Structure formats: C-alpha cells, structure tokens
Amino acid sequence: MIEWSLAQGSTFAGQIDGLINLIGWLVGFWFVLAQGVFFYLIIKHRAQPGVNAGYVTGDEEYPKKFIGWAHWGVLACDVVILVFAVQTWYDVKQDLPPAERTIRVIGQQWAWTFVHPGPDGKVDTADDIALVDELHLEEGVLYHYLLESRDVLHNFSVPVFRLKQDAIPGRTITGWFEPTITGEYSVQCAEICGIGHGIMGARVFLETEDQHVAFHEAHATNTPALQLAATSVGADR
Amino acid sequence: MAETIEMPEHGHDAHGDHHHEETFWSKYVFSCDHKMIAMQYMFTGMFMALIGGFFAYVFRTQLAFPGAEVMFWGLVTPGEYNSLVTNHGTIMIFWVAMPVLIAAFGNYLIPLMCGCDDMVFPRINRLSYQVFLLSAIVLIASFFVDGGGFGGAWTAYPPLSSQYEYSLTPLGSTLWVVAVALEFVAFLLGGINFVTTAMNSRAPGMRLYDIPIVVWFIVIASVLFMASVGPLIAGAVMLAFDQTLDTGFYDPNKGGDPILWQHLFWFFGHPEVYVVLLPAIGMCADVMTTFARKKLFAYRTVLYTAFGTGILSFTVWAHHQFIAGIDPRMANVFTVTTLLISVPIAEMCFVYIATLYKGSITLTTPMLWALSFIAEFLIGGVTGIFLGASGADVYFHDTYFVLAHFHYTFFPIAIIGVFMGVTYWYPKMFGTMMNDSLGKLHFWFTVIPFNLIFLPLFVLGAAGQHRRIYNYQHYPELATDELQALRVLATVALWVMLAAQFIFFYNFFSSLKNGKKAGNNPWKANSLEWVAPSPPGHGNFDEMPTVYRGPYEYSHPDRLKETGEDYWPQNVPS
Amino acid sequence: MAFRPIANTRSVTGIPTGRLAIWWVIGSEIVIFGGLLMSYLMFRLAHDEWAAHAANTNTAIGAFNTLVLLTSSLTAVLGHKAAEEGNGPKAAKMLWLTCLGGATFACVKAYEWSTEIAHGFTLTTNSFWGFYYTAAGLHALHVIAGCIVMLIVANKARKGIDLHHVELIGLYWHFVDLVWIFLFPLLYIAK
Amino acid sequence: MSAEAHAHPNYVKVWAILVALLAVSVIGPEVGDATGIQAITLFTAFGIAIVKAYMVCKNFMHLNVEKRYIVYLLTTCLVFMLLFFAAAAPDVMKTEGTNWTKPLVLTAPPAHHGEDAGHGDSHGGADAGAH
C-alpha cells in the first residue's frame, strides 16, 4: 500500500512493503469480520416490545466455540506475521551484508552532515567529501552508514528507502542500504530534536555511476572534511 | 487491629449528624467524601481537557494553514508548536485520562459498587486530590515561565529534555518533570486506596466473581500503575538532577546513557496504556450489559484476558524503541511479546461483541458511546499490529500512522470512555437525567468528526509524514496539494468536534436544574450503586447492602418467571 | 479520633486494612528503589573505573549505620510485640528508641557527606557519586519521614490509641532497613 | 485474625545473628582484596545481604505468617525489576552490541576489575553479535 504514494528506493523497501501488505490483509480480515458481526448483532437484536433478552452465560458450547475459533485464529495470524516481521527485521537491521562503500552520517541541531568517501572509496581519508544536508549516493552500490549525533537524539529517516534509525549521542550505529533508483528524495529527522526539528530536512541524490563520478570531480580536494570526519567522534569527548 | 474488625456496621448513623453542619469549605473543598473527591477529580480533569483541546486546535490549525494567524493565539512559532504538542500529549494522558477515568470513576464507583460507605482511607484520598491539583497548577505554571513550556515531546527523551542549551526551555522542562512526578505521587496515594477498598471492604456476600467488571479493571489498572511507575519516578529524579544540578545520568559525555531514560520511561509507559484502557473498557461491560439486558458473556474469560494483558504489558515496552538505538536482537524478543498481547485484547473485544448476542438492545446515549468505543477501539487495535511488527515499524515509526493509531486507542479511552461513564452514571451522581436527544446529537457530532480527523492521518503517515513538524512545506514530497487537503480536512473536522463539546457542557449543566428526576435505578441495572439514593448521601446507603449474586444477572429465566422483571439487583435475596 | 468509615472496619481478605495498604506501599517502594538500583547496577558493571571512586567511600561509617538501622529494626519489632500485648507505654518507648536510631543514622550521614563533599566528591564529580548521593539521599528521606510518622504513632500509642499503627510503621521501617542492607554493599563494599 | 496470632521469635537472637553477618560482610571483602579473590568479596557482600534481607523479612516483617499472596506480590515487583535489568542491560550496560558501539566508553580508562566479564554473558552477551 505504501508503494502507491512512495517509490521503492532500496533493496529492502519491497520486503518491508510486502510485510505491511501482508499484515494489512490479515488484520483487515479480522477487522472486517469483527465489525461485521458486531453491527449485525446490534441490528438483529434491537429491543422489541414484549421480547426479553436471552440468558447466555457464555459457558454454553454453542456461542463459546466461536470465541475459541477466533482465539486460535488470531494466534495463528500472529505467528505468521511474527515470522515475516522478524525475518524482515533481521534482513534490514540485524544482518549487515559486506559494504561496498561506507558513509558517515552526523546529526546535530539542526542539520545533517554527510561524509562521503572520495574517489578512493574509503571514508575518514584525506579525499572525503563532507556536505551539509546533501547526500549523494550511487545506484546499485551497497552502502554502510555510520550514524552519530553531536548533541541530542536525531533520527536518520529516508522514506524512499523505508529506512529509519535513531542517532544517539555517544554511540556509533552502523546500518546498510542499497539504492535501486535514481532521482532526488528527502531525508527527514524523525526524532524531535528541539525547535529546529521542523526544518532539519536534507536531500538525498541517487545517481548513476557517471553522475557520481561527476560529483566526485565537482568536489575535489576538500580538507575541512578531513578534520570533520576525523574529529567527528573525538569532538564529543 | 482485631477489636476494630468486629466493629458493628452502623458507623454512618454515628457520623450522619455531623455532615449537617458542614460549611462550604468542608463540603466542597476539604471534603473526605469519596463522591466529592470524585467530582473534584472529574471537573479538574475536564478543565485540563479544555486546555488540551485548545492546544490541539492551535497546532492543527497551524498544520492546515501554515504561518496563518491562529484565532485566540496568533502566529505559531516552531518553539511554541513543540511546546503545544508536548503539553497536549502530557495533559491528555496524565491530567485527563488518568484523573477522570481512574481517579474520578474509581473514587465514585468503587465504594458504591462494593457496597461500603467510603474509601478505606478518606483523608489519604483527599491528600491524593490535593497533590494532584498542585501538580496541575505546576504544569499550567510551566507554560508561562521564561522560555515557555517544555517542548521535548511527552516522552521527554534526554539529552533534549535534560540540557537547557538543547531544549531552550530553562524553567519549563524542570517544572514539567516536577509536575509529572507530583502527579505520580497523587495516583500512588489514590491507587492504594482503590486496591485496599476493593480487596478488603466489599459488602458481605460479595465474592471475587460478584465484583462488577469496572471495579475489577480499575483495581487491576491501579496495580499496574503502582508496579510500573516506580522506575520512572526514580528516572524523573535523575532527570531533574541532570537538569538542575548538572549530573550526568543521561549524558554520554559524563558516562551516562540516554537510552536508560527510554527504558525507564517505556517500562512505565506501556503498562500506562492499559492503566487507562482497562477502566474505560470495564465501563463498557457494565453499560453494554445494562442496555442489552444481557448477562456479560463469559465473565471469567473477560477477567482472565485482563490479567493476561496486565502481566504481558510489562514485557512489551521496548516496541516503542525498535529503531531508537536498542540492540536489534532485543527487538525480536519484544516483537514476540507485542504480538502475543494482541491475543487477550482481541479476545476481550470478541467477548464483548458476543455479549450482544440474543440481547435486547436499546440505543440510549450511554449505549451509543459504549458501542462506538468497541468499534473505534478495534481500529486502534488492528493498526497496532503494524507497529508491533518490528519489520514494519522500521517504516512506520514516528510517522502520523503511529499518531493516528494511538489516537484511535486513546480517544475511545479518554473521550468516549469518559462520556460513556458520565452519561451512564450522571443520574446517580446528580439525581437527574441528562437530555437524551441532546446527548445523541453530541454523540454523532463527536464520533463522526473524530473519524474524519484521524482516518486521513493514517494516509498521511503511510505517505511518510513524520511527527512533530510545525510546517510540512519544507518537504517537497509532503507539500503536495492532495496531502495538504487531507490536513485541512482533519483540522476542519477537529473544529467541528471541539465546537460540538459545548452541546455536552450545556446538556450537563442545564440537566442539573431541568433534568427530570431520576429514581434510584433509572436504567434498571443490577450493581449496588443503583441501590443507593441518587445522589447518595454521606453514608451512601440507607442500610449497608448484602450481596447475593453477580452483577450481570439480566433476563434470568427464574427471575422472569417469579416477578416478570428482567433484572435482578445484587442485593435482592433470592 | 476522626470519623472512621465502615469500609475501614471490614477485612474481607483477613488482612487488616492498614497492613494491606502498607504492603502495597512497600510494593510500590520496591519498584522505585529497584529502578534506581538497577540503573546504578548497569552503570556500575559498565564502568569498572567507578571502583576507584567507590574506594573513597567510608566503609566503617557505612557499617556503623547498618548496625544502627538493624538495631532500630529490633526496637521497632519489639515495639510491635509490646503493642500486641496491649502495652502502649512500652511500645511507645520502643518507637522512641527506633526514632533515636533513625536520628543517629541521619546525623552520621550528614557528617559523612559533609566530609566527602569537603574532599571534593560532590554530586557532579562522576556518575558514581551521582548515584551515591541520589540513592542514599532518597533512602535518607525515607528514614526522616519514617521518624516523623513514628513520633506521631508513638505519641498515640503512649495513650493506648491505635496500637495497631505500631506494627504498620514498623513494617515500613523494616523495609527502609532492607533497602539499606542492599545499599551498603552496593555503595560501600563493592570496590 | 490468623496472621495476628503468630508466636514471636526471639528477636534479640535474630538481631545478634544479623550483626554477626554484618561483621562478616565487612571483613569478607577485606580478605577478598587481600587474597585478590573477587569471589569472596562478591559472595560476602551480596550473598550475605540476601541472607540478611531474608532474615529481616521472615522474623521482623513476619512474611512467613502473612498471607501467601503478599509474598507473591512483593516477589512479583522484584521479578519485574530483574526483567527491567535483563532488557535494559544489553543497551545501557554494554559498550558495544549488534551494529553499534559506544566510542566514548570504549576509549575510557582501562578496566581494573573483572566483575564485568562475570556478569557480561548472563545478560544477552551482546559482544557475540558485534560486527
């Protein structure tokens, strides 16, 4: 259902959307069933003059068995959802496929700093490219991100990737994604971080290989980035 | 102690005389009478609800018409917006849902339904309200101090909440923490009263399974509260120290850890959901059985599902923190428990629905509220599965989908539940009936707009709209006309709903004078409070009742054969 | 005595209402101190360097305070025994002795803290000292509050009124003692 | 009142035992430090604290003659606290876990006590998952 309004921009976006649809169908079934029975009973058993209500304790076999079915039915659906949910979670958050490239993402009040590896493909080296509120990624490359925060909690959220991760001061959190499309999309801060929270958005540029090379050339030597990257952890101490 | 146990049960005659010479102060302000304290809690809660509603009006208007002058407020700055949403949440949960549902109805119903004349510790009860009132005053004061009210969301995650240079609310955040801590103390005092009264002071003959579900659920809720709030009280002390004394409990640079607060908060925060849910859904049982003239379907199942939910609710808290930086392997554990807890709650709803089977349903105003509670709460329940499943939460976390989800649980609890309780017990509280057609009008103008507010928010959340943003025009994907139209729809619906509340207040106060006299038992209900006169005097009952059966013996064949009555009050000997 | 509702005279569970309430109080106190001490424990196990700070706490004083509290617990329970025998004056004496213990505890604590602060170990020196003062301070507040209530109870008990309150305040006092029994090794011994 | 009619143990004797235990719990760690055996310190410090707590509950608070469910109530509260510890420790206590580390703590002065290792495994062993 999500994909209707939002492109699937990463390898795991489809998996997450699939999980959401699965849950949608399962709980939708129970929801419609419950509401249906509910309103049916309300309409059917409206008070009529001279007709008394029945006396049902709930221990009788006949009506109680339906509750029993519903009970096990819900449990079964939960188990199905559980399997797919944990599988998705494992693939997206827990498992860490080997990185082809690593970027450093630093949140602070109220801007994102993205440290891109330079042409050498390694982060924390001399040719790093550090940009504020601008993230350039190459399509089809598996990225690791090292997420840090300078001050308060932030949340590195890229809806088009179906990706969210809190940035915690004093922690470096590693995650991964692999862009599968090109174009310009928004990066959000999805954890309240003070009065500037509302404007702490950034743009992510998903580029083809040539575009990305061009990006590297555009930002050749970028020494401030070196300090920034090197001190990004130390600065907090 | 022993000698007091055999004390003869005519105590209320002894004090019956001394409540004649009561002054205004001793009767309305410093009263120890559980009914008066319930009223104090209820009216304080309703007043806070007006503030919370007004905040909602302000920030919804800002979202629909960004940068426009909001009537009665003016321009909404980002700082003000944060403070508004923060205090809207805080007020609605801690100063509306808790005091009205647990404190007000707990105070009013537990002694009456258990057939005793008052709470076991009337003066502790009074103290509880006074501390609560103080906490409310402190919170309101925090809006007007230098820097404005606290704006770090009602979850108050440090370091934003613990360091002024980040939150920019030097006094607001400290007063906020103090107010919340005081409020917890108030409810601890109240909760002890509720639990001991229901455990120890039930009318002779009232066995465990003769207790009305609403009393059971309020007691379970109080126990959940008392068992879960401790860590947060400790956490609040640490947070206040971090703010004022510059300690480093939550500051990683001083060897602390921000995640600790999240655990302390949600260890309380999730049981808290059930703390407010249970009283409301418990009222549902009493109202639905009364107006369906039906015995509650499987009383014990309802009770066991509540126990199950209560225990499980202590094991699910970290599903609020899936992507908040907790270890991914913990998330799997909490996904399992979270999906498990859906089973008892779903079963409870099924049992309630089954209660209507073979009923004889009259759609009075309280019944409409009760039925809408189930209908709306089901929406809140099923959307919770999306968020409890860790894989899907990766996308949904902190979007408007979450917001719509918990409003679909909290609105039935804090608004529908309260109106259900007020309209149902109003005759007992004030001795007159509310106007039913006005009540129905108010019902439809509240429930329909409510759905128009929050159904669009599900769509917005699915489209990736994240929370606590004062203006979405900064995000091209979210600034489209379609999405903006949804925001306007929600806001307009909110205006209608808020306006409709005046119908309720008019009905409430005019019925005090003009409402037609209600007898002791206008709804022909079974439980003990309907035995007492309406409104009950200082000792509640003219003579202390004795219980012979459960509270839900409606349309019992024997009773119909003997008397033709379809209800069988608990205190009537067979 | 103020008006006593019938509710307060019933005892369906067979546990006197007052004692039942005290058990609930203790239950909620357990989670308050539990939350604090669990947080402390996590940090303590995470930061071995705290041991160096803990070495600066005065074990002798801590041990002496433990002794004081244990003794005051003894007098409290003796007071409960006397109260059950209906001997109000004796119960009152015992409670006064208990208060004396509480007062001694508070004074020793005051001396201990003032010396530590004088040596520069304040709330903000390090999170260990943060927890040290927070936990011990919260406990000390319970001690002082307990003493105040106990004086009231003792005063009534002397006249033979509400003798069952002696047991209730005693239970609370034993709980305060219990908390200290765990605070002592956590803050003083584990180095 | 069944709970009222309990026999009173010899409180002074109980108190004497408690004081004796206290003495051990003070001396024990000294021995532990002297011999360098951490186990002695931990056992005498916390093992004895638990014994003392048990004695106070049994003899002073009379939990042994109180209704059973009071004991269950209080133990439930304790169990919840252990639950809290078990679930929060992997984040708060650990310096690194699955896909995350705390650089500030990792670069802190080196440890000179072995307690951490002893407790580490029992609470999720987050190190195992570190990348």
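Residue count for the stretch B:303-320 satisfying the condition of being facing another protein chain (nearest Cβ under 9 Å) and surrounded by 23 or more Cβ atoms within 10 Å (Cβ to Cβ): 2. For residue B:465, the criteria (1) free of Cβ contacts under 8 Å to residues at least 24 places away in the same chain; (2) within 14 Å of chain A (Cβ to nearest Cβ) hold in every case but one, which is (1).
Quick check on the stretch B:497-510. Is at least one of its residues touching a Ser or Thr at 6+ places or on another chain (Cβ under 7 Å), surrounded by fewer than 21 Cβ atoms within 10 Å (Cβ to Cβ), away from chain A (no Cβ under 13 Å) and of a type outside the set (Ser, Thr, Tyr)? The answer is yes, given that some residue of the stretch B:497-510 is touching a Ser or Thr at 6+ places or on another chain (Cβ under 7 Å), surrounded by fewer than 21 Cβ atoms within 10 Å (Cβ to Cβ), away from chain A (no Cβ under 13 Å) and of a type outside the set (Ser, Thr, Tyr). On the basis of being farther than 29 Å from residue B:319 by Cβ, modelled with pLDDT of 90 or more and facing chain B (nearest Cβ under 7 Å), does residue A:34 make the cut? The answer is no for residue A:34.
Filtering C:149, C:166 for residues that are in a helix (DSSP H, G or I) and crowded, with 19+ Cβ neighbours inside 10 Å leaves a single hit, C:166. A count restricted to the stretch A:37-55 and to residues that are assigned to a helix (DSSP H, G or I), within 20 Å of residue B:554 (Cβ to Cβ) and facing another protein chain (nearest Cβ under 7 Å) stands at 3. Within the stretch A:56-74, the presence of at least one residue that is crowded, with 18+ Cβ neighbours inside 10 Å and in a loop (DSSP other than H, G, I, E, B) is confirmed. The single condition among (1) under 30 Å from residue B:239 (Cβ atoms); (2) more than 7 Å from every other protein chain (Cβ to nearest Cβ) that residue C:19 does not meet is (1). In this structure, residue B:471 does satisfy being touching a residue at least 60 places away in the same chain (Cβ under 8 Å), closer than 20 Å to residue B:66 by Cα and either within 14 Å of chain A (Cβ to nearest Cβ) or out of contact with any strand residue (DSSP E or B) (no Cβ under 7 Å at 6 or more places or on another chain) (or both). Counting just the residues of the stretch B:511-553 that are within 14 Å of chain C (Cβ to nearest Cβ) and small (Gly, Ala, Ser), which one comes out farthest from residue B:300 (Cα to Cα)? My answer is B:537.
Looking only at the stretch B:398-416, decide whether some residue is more than 8 Å from chain A (Cβ to nearest Cβ) and touching a strand residue (DSSP E or B) at 6+ places or on another chain (Cβ under 8 Å). There is at least one residue in the stretch B:398-416 that is more than 8 Å from chain A (Cβ to nearest Cβ) and touching a strand residue (DSSP E or B) at 6+ places or on another chain (Cβ under 8 Å). Of all the listed residues (C:113, C:129, C:180, C:96), the sole one being of a type in the set (Phe, Trp, Tyr), in a helix (DSSP H, G or I), more than 12 Å from every other protein chain (Cβ to nearest Cβ) and closer than 29 Å to residue B:256 by Cβ is C:113.
Those residues that are more than 9 Å from every other protein chain (Cβ to nearest Cβ), assigned to a helix (DSSP H, G or I) and within 16 Å of residue D:29 (Cα to Cα), I need them from the stretch C:45-63; list them, please. Can you show your working first?
At the first step, the residues of the stretch C:45-63 found to be more than 9 Å from every other protein chain (Cβ to nearest Cβ) are C:53-58, C:61.
Those still in the list that are assigned to a helix (DSSP H, G or I) too: C:53-54, C:61.
Matches in the stretch C:45-63: C:54, C:61.
Restricting attention to the stretch A:145-196, the residues that are assigned to a strand (DSSP E or B), within 14 Å of the chain's Cα centre (by Cα), facing chain B (nearest Cβ under 7 Å) and over 25 Å from residue A:211 (Cα atoms) total 4. Once the stretch B:554-571 is narrowed to residues that are within 23 Å of residue B:303 (Cβ to Cβ) and in contact (Cβ under 8 Å) with a residue 60 or more places away in the chain, the residue that is nearest to the other protein chains (Cβ to nearest Cβ) is B:555. Exactly one residue out of B:46, B:42, B:98 is assigned to a helix (DSSP H, G or I) and surrounded by fewer than 21 Cβ atoms within 10 Å (Cβ to Cβ), and it is B:46. Can residue D:60 be described as touching a Phe, Trp or Tyr at 6+ places or on another chain (Cβ under 6 Å) and either on the phi < 0 side of the Ramachandran plot or without any contact (Cβ under 8 Å) to a residue 40 or more places away in the chain (or both)? Here the answer is no, as residue D:60 does not meet what is asked. In this structure, is residue B:154 closer than 29 Å to residue C:39 by Cβ and more than 9 Å from every other protein chain (Cβ to nearest Cβ)? Answer is yes for this residue. Listed by position, the helices (runs of 4 or more DSSP H) enclosed by the stretch B:159-257 that each have at least 3 residues that are on the phi < 0 side of the Ramachandran plot and more than 14 Å from chain A (Cβ to nearest Cβ) are B:172-200, B:213-244. Going by the conditions given, is residue B:299 facing chain A (nearest Cβ under 10 Å), in contact with a Ser or Thr (Cβ under 9 Å, 6 or more places away or on another chain) and of a type in the set (Ser, Thr, Tyr)? Considered against the rule, which asks whether it is facing chain A (nearest Cβ under 10 Å), in contact with a Ser or Thr (Cβ under 9 Å, 6 or more places away or on another chain) and of a type in the set (Ser, Thr, Tyr), residue B:299 comes out as yes.
Yes/no matrix, rows are residues, columns are (1) within 15 Å of residue C:30 (Cα to Cα); (2) within 14 Å of chain D (Cβ to nearest Cβ):
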| site | (1), (2) |
| --- | --- |
| C:134 | no, no |
| C:154 | no, no |
| C:157 | no, no |
| C:171 | yes, yes |
| C:188 | no, yes |
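Inside the stretch B:128-154, residues that are within 16 Å of residue B:95 (Cβ to Cβ) and assigned to a loop (DSSP other than H, G, I, E, B) make up a count of 4.
Rundown of residues vs (1) in contact with a Gly (Cβ under 7 Å, 6 or more places away or on another chain); (2) over 30 Å from residue A:219 (Cα atoms); (3) of a type in the set (Lys, Arg), yes/no style:
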residue	(1), (2), (3)
A:24	no, yes, no
A:31	no, yes, no
A:61	no, yes, no
A:67	no, yes, no
A:100	no, no, no
A:112	no, no, no
A:118	no, no, no
A:122	no, no, yes
A:131	no, no, no
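When residue A:1 is tested against (1) surrounded by 17 or more Cβ atoms within 10 Å (Cβ to Cβ); (2) facing chain B (nearest Cβ under 7 Å), exactly one condition is not met: (1).
So that you can scan it fast, the table gives a plain yes or no per residue for (1) closer than 19 Å to residue B:101 by Cα; (2) without any contact (Cβ under 8 Å) to a residue 24 or more places away in the chain; (3) touching a strand residue (DSSP E or B) at 6+ places or on another chain (Cβ under 7 Å); (4) not in a loop (DSSP other than H, G, I, E, B):
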{"site": "B:276", "(1), (2), (3), (4)": "yes, no, no, yes"}
{"site": "B:282", "(1), (2), (3), (4)": "yes, no, no, yes"}
{"site": "B:291", "(1), (2), (3), (4)": "no, no, yes, yes"}
{"site": "B:296", "(1), (2), (3), (4)": "no, no, no, no"}
{"site": "B:310", "(1), (2), (3), (4)": "yes, no, no, yes"}
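With respect to being touching a residue at least 12 places away in the same chain (Cβ under 8 Å), crowded, with 20+ Cβ neighbours inside 10 Å and either within 7 Å of another protein chain (Cβ to nearest Cβ) or not hydroxyl-bearing (Ser, Thr, Tyr) (or both), residue D:94 fits the description. Quick one: is residue C:43 modelled with pLDDT of 95 or more and not aliphatic (A, V, I, L, M)? The answer is no for residue C:43.
The values are calculated or read from the model by the stated rules, or taken from the named source; none is laboratory data. Here the structure is a predicted model, which means the values were calculated and not measured. FYI the Cβ positions are ideal-geometry reconstructions off the backbone, even for glycines, and counts take in every protein chain you see.
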